[in-house]
Amino acid sequence: MELKIFDNKQKVAEAFSAYFANVVKGEADFHVALSGGSTPKIVFDVLAENFRDTMDWNEIHFYWGDERCVPPTDDESNYKMTVEHLFSKLSVPKENIHRILGENDPKSEALRYANLLEINLDRVEGIPQFDMVILGMGDDGHTASIFPHEIELWNAEDHCVVATHPDSGQKRVSINGKVINKAKTVVFLVTGQGKAEKVKTITEKAEGFKQYPASLVQPESGDLVWFLDRDAASSLS
Ligand code: 6PG
């Protein structure tokens, strides 16, 4: 596990964008699972602004680690956010964008998406393997859409699960922990003071860390890199 700490959210976004561009460089058919959240939103702006003409976007296949079960026109949609901040500014082939269909019935969509991953991705020990999974972390220690109150979903048999937001009850489709931990590279993008206590507990394996899904992100053979701003890293020893 590597921790990279930067002054602020914008610097995290700029550093990750350069890191991503470097990892993707020269790759053919790079399969990445995107995240929702406020930090990825800035990353997408930076990628579109600084890397539009220097990256071979045709070689990248975009998926989502999770999606809210809402139409793609809904402001809650991670897909909508990605279109607004990234795809609307680039020419990414439509066939390279594999969105979770939030407008579908959650259970049928979880099955459809799991099947899509199994078809599109290499499988290692039967589990679809992403080249990269980008994650955020909630103040409660959730990641993707695996929340503490449903932590058993982490090891679900199905590669995609239906989760429920603990406050709003909103249904979400999320990849499970087995798919996350099979990835070649997993990156956390975590910023803000509200995350500091969980970042410390999880990265330092402090008492009670296992109750938080983000602590279960332990790639089997892949790299794990945390991109943090100073606020999110402020409680680290
Ligand atoms: C989502 C994300 C979720 C997000 C965290 C952190 O769909 O919202 O998958 O896991 O990454 O809630 O969000 P912030 O980066 O906005 O704090």
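List of remarks:
- Highest-first packing order for the peptide set 210-220, 48-58 is 210-220, 48-58, based on the mean count of other beta carbon atoms within 10 Å.
- Structural descriptor for the range 165-218: relative contact order 28 percent, calculated from alpha carbon pairs under 8 angstrom and at least 6 residues apart.
- Overall form of the chain per C-alpha gyration tensor (a/c, 1.5; a/b vs b/c): rounded
- The range 1-61 - Rg (one decimal) and Dmax (whole number), Cα, Å: 11.8, 33
- Distance from the range 1-45 to the range 185-227 (C-alpha centre basis), Å: 16 Å
- Considering only the range 10-134, percent of DSSP beta bridges that pair antiparallel, nearest 5: 25 percent
- Computed over the range 155-206, the range of Cα coordinates on each principal axis works out to 32, 32, 19 Å, biggest value leading.
- Above 15 Å, the calculated P(r) of the range 52-132 contains 61 percent of its Cα-Cα pairs.
- The range 99-122-the range 72-98 distance, computed between alpha-carbon centres (Å): 17 Å
- Normalised by the number of residues in the range 99-237, the mean separation of alpha-carbon contacts (under 8 Å, six or more apart) gives a relative contact order of 26 percent.
- Based on C-alpha pairs under 8 angstrom that are at least 6 apart in sequence, the chain has a relative contact order of 24 percent.
- Exceeding the 31 Å Cα-Cα cut-off - candidates Lys107/Lys182; Lys11/Lys200; Lys107/Lys200; Lys171/Lys210: Lys107/Lys200
- Each of the peptides 222-228, 82-88, 63-69 was scored by the mean count of other Cβ atoms within 10 Å over its residues; in descending order, highest first, they stand as 63-69, 222-228, 82-88.
FYI, it's all coordinate maths here, none of it is from the lab. Here the structure is a predicted model, which means the values were calculated and not measured. Because the Cβ atoms are built from the backbone with ideal geometry, glycine has one as well, and the counts that use them run over all protein chains shown.
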